[in-house]
1. Going residue by residue through region 185-197, is there one that turns out to be hydroxyl-bearing (Ser, Thr, Tyr), more than 27 Å from Lys37 (Cα to Cα) and surrounded by 21 or more Cβ atoms within 10 Å (Cβ to Cβ)?
2. Test of understanding: among Tyr127, Tyr219, which residue is within 20 Å of the chain's Cα centre (by Cα) and surrounded by fewer than 20 Cβ atoms within 10 Å (Cβ to Cβ)?
3. How many residues does region 95-122 contain that are within 22 Å of the chain's Cα centre (by Cα), under 30 Å from Ser151 (Cβ atoms) and of a type in the set (Gly, Ala, Ser)?
4. For Asp223, are the conditions met, namely being away from the ligand (no atom under 14 Å from the Cβ), under 14 Å from Phe51 (Cβ atoms) and charged (D, E, K, R)?
5. Scan region 22-46 and report the pairs whose first residue is in contact (Cβ under 8 Å) with a residue 40 or more places away in the chain and assigned to a helix (DSSP H, G or I) and whose second residue is within 16 Å of the ligand (Cβ to nearest atom) and basic (Lys, Arg), with Cβ atoms within less than 8 Å and a gap of 6+ or a chain change.
6. Where in region 120-220 are the helices (runs of 4 or more DSSP H), entirely inside, with at least 2 residues that are within 16 Å of the ligand (Cβ to nearest atom) and of a type outside the set (A, V, I, L, M, F, W, C)?
7. Give the number of residues within region 74-116 that are within 16 Å of the ligand (Cβ to nearest atom), within 18 Å of Cys188 (Cβ to Cβ) and touching a residue at least 12 places away in the same chain (Cβ under 8 Å).
8. Please state which one of Leu94, Leu173, Leu159 is more than 30 Å from Lys37 (Cα to Cα) and either surrounded by 14 or more Cβ atoms within 10 Å (Cβ to Cβ) or touching a Gly at 6+ places or on another chain (Cβ under 9 Å) (or both).
Amino acid sequence: MNLPSDLVIISFIKVTEKTLIFWLTIHQQKEREVKMKLLDALHWRYGVKQFSDKKVSEEDLKNLLNATRLSASSYGLQPYNIIVVESAKIRKQLLPFSYGQDKIAQSSHLIIFAAHSKVGDVTVDRYIDKHALITDKSHQQLSNFSAHMKSALSNKTELQKQEWAHQQAYIALGNFLTCAAVMKIDSCPMTGIDNAGYDLVLGLDKKGLTTSVICPIGYRNKDDMQAHSPKVRFDYDEVIMEL
Ligand SMILES: Cc1cc2nc3c(=O)[nH]c(=O)nc-3n(C[C@H](O)[C@H](O)[C@H](O)COP(=O)(O)O)c2cc1C
């Protein structure tokens, strides 16, 4: 052994090994914490019946909407828009179409997930334009991809296309609910509304949109009894089938 340099190298390796194990343990611990936080957040959230006056900050709202914008969608086509309504006046107009659910007006913001009402080549062309811009590919390079998506959509009836667009909006809603919970923002997904009334008040027809589902957000009222109701969910084995 060529002392002392070999000893130095061996002790260096040992220290490095210990440091590595230390950082790995910390990293694993952090990963476990993130997983626990996610589950805690999902246990914490519930469909709020009564909101408080507290407003969601602009920054939190932007972050939540940005996270929602990253939702997955079929072929990535994102055939929906997300409308944020803060105006008390508009929400008052929406009240008669909300079957007495005044939380749409009490909450901090009302979010409307609205599907595109025209689905087809126009949906694909819009996406391909964006795809070309982001990936720096030519329309020619994307032509097979485009044709494939157009053909898949053209095989659907008008009703199926509309249904498909609503499904994509619901995926965004699911993601929105989880992200909101992680950010400790309360919410209540809602379909107990008159969709046509919402379309009318919000002028969605002219925008080529139609209401899929809505979701008031904000912070739970301390008097909201629903907060104390136990979660009613089927057990793991009743939901998950392992084949
Ligand atoms: C698509 C959808 C529509 C819903 N519509 C309403 C609604 O109109 N009003 C309401 O108070 N809750 C509504 N909810 C909330 C559900 O009742 C609630 O999520 C369910 O009972 C499970 O309870 P939890 O979310 O509080 O854990 C809706 C939920 C979903 C996902």
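1. Filtering region 185-197 down to residues hydroxyl-bearing (Ser, Thr, Tyr) leaves 187, 191.
Applying the additional criterion that residues be more than 27 Å from Lys37 (Cα to Cα) yields 191.
Next, from what is left, pick out any that are surrounded by 21 or more Cβ atoms within 10 Å (Cβ to Cβ): none.
Looking through region 185-197, none of the residues is hydroxyl-bearing (Ser, Thr, Tyr), more than 27 Å from Lys37 (Cα to Cα) and surrounded by 21 or more Cβ atoms within 10 Å (Cβ to Cβ).
2. So the residue among Tyr127, Tyr219 that is within 20 Å of the chain's Cα centre (by Cα) and surrounded by fewer than 20 Cβ atoms within 10 Å (Cβ to Cβ) is Tyr219.
3. Total satisfying the criteria: 3.
4. Details: away from the ligand (no atom under 14 Å from the Cβ): yes; under 14 Å from Phe51 (Cβ atoms): yes; charged (D, E, K, R): yes.
It is true that Asp223 is away from the ligand (no atom under 14 Å from the Cβ), under 14 Å from Phe51 (Cβ atoms) and charged (D, E, K, R).
5. If the second residue must be within 16 Å of the ligand (Cβ to nearest atom) and basic (Lys, Arg), the pairs left are Ala41/Lys184; His43/Lys231; Trp44/Lys184.
6. Details: elements: 121-135, 143-154, 158-182, 195-202.
Of the helices (runs of 4 or more DSSP H) lying wholly inside region 120-220, those with at least 2 residues that are within 16 Å of the ligand (Cβ to nearest atom) and of a type outside the set (A, V, I, L, M, F, W, C) span 158-182, 195-202.
7. As a first pass, look at region 74-116 and keep what is within 16 Å of the ligand (Cβ to nearest atom): 80, 82, 91, 94-107, 110-115.
Okay, now just the ones that are also within 18 Å of Cys188 (Cβ to Cβ), so 82, 91, 94-95, 97-107, 110-114.
Now restrict to residues that are touching a residue at least 12 places away in the same chain (Cβ under 8 Å): 82, 91, 94, 97-99, 101, 103-107, 110-114.
Number of matching residues: 17.
8. Numbers: Leu173 fails: more than 30 Å from Lys37 (Cα to Cα); Leu159 fails: either surrounded by 14 or more Cβ atoms within 10 Å (Cβ to Cβ) or touching a Gly at 6+ places or on another chain (Cβ under 9 Å) (or both).
Result of the check over Leu94, Leu173, Leu159: Leu94.
No value in this document is a laboratory result; all are computed from the given coordinates. All figures in this text were calculated on a predicted structure; none of them were measured in a lab. Note that we place each Cβ from the backbone using ideal geometry, even for glycine, and neighbour counts take in every protein chain shown.
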